[in-house]
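One structure is given here, and the rest of the page talks about it.
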Amino acid sequence: MALTMKVVGRVRPLLLLLPLLAVLSCAGDAPDPAGDWPLACGSFPGPSDAVAHCARRDPSGEVVLRPGVVTGEGTPDAVLVEGELYFALTSGKTAPALLFDNGPDYWVEGLARTVRDGKIGFVNQDLEVVVPRTWDFAFPFEDGLAQVCTGCLIVHEDGDEHGSVRGGAWGVIDRQGRVVVPVAHDRESLPSPG
């Protein structure tokens, strides 16, 4: 019995140190805030100064902003992440923005064009993709309909910053992305829906 008491007596001080040892051993494992947000951001339009450590890519490849980077209200703000233009919400959610007239696409009928891998679709103001990014080009919605094309190209002539859309097969979609005029026409002979 005396032997047991001596062992317990020596172990008790060590037991009191266990929480401290646990904290010290985990200190090296604490996440590095800069490492969690490796991408740089900048406001658009605004100063060209980049803010380091403001964004990251989630497992699906989508850009997510660090909380507090965007503070605006109403329609989504525009932000540059690693030189690419995004719509952004205060929650950190983003969607790639189509560059139009030296800025992000305009919100028309509550939707804006979004682009990924050269394909265009539409997002709502919650930055949910409502028309998948499947089109080579799409005009903004007008009266609930948008002209879209596949196989068309944007051609810039004589250094003009504005291009024209040429060639391809054209059709018309509704706000849910349903084709209402088949994508089988040249742009000049595209019939009106209905």
Self-check item: Filter result for P182 (farther than 20 Å from L89 by Cβ and part of a strand (DSSP E or B))
Solution: yes
Practice problem: Starting from residues that are in contact (Cβ under 8 Å) with a residue 40 or more places away in the chain and surrounded by 22 or more Cβ atoms within 10 Å (Cβ to Cβ), keep the ones in the range 49-105 and report whichever is nearest to P132 (Cα to Cα). | Solution: F87
Practice problem: Report whether or not Y106 is modelled with pLDDT of 90 or more and outside any strand (DSSP E or B). | Solution: yes
Exercise. Mind counting the residues in the range 134-172 that are over 22 Å from P193 (Cβ atoms) and either assigned to a strand (DSSP E or B) or not acidic (D, E) (or both)?
Key: 9
Practice problem: Just give me the residues in the range 48-81 being at pLDDT below 85 and either assigned by TED's automatic domain parsing to the domain that holds N124 or assigned to a loop (DSSP other than H, G, I, E, B) (or both), in sequence order. | Solution: S48, D49, A50, P67, G68, V69, V70, T71, G72, E73, G74, T75
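The values are calculated or read from the model by the stated rules, or taken from the named source; none is laboratory data. Just so you know, these numbers come straight off a predicted model, no measurement behind them. Cβ sites come from the backbone with ideal geometry, for glycine too, and all protein chains shown count toward neighbours.
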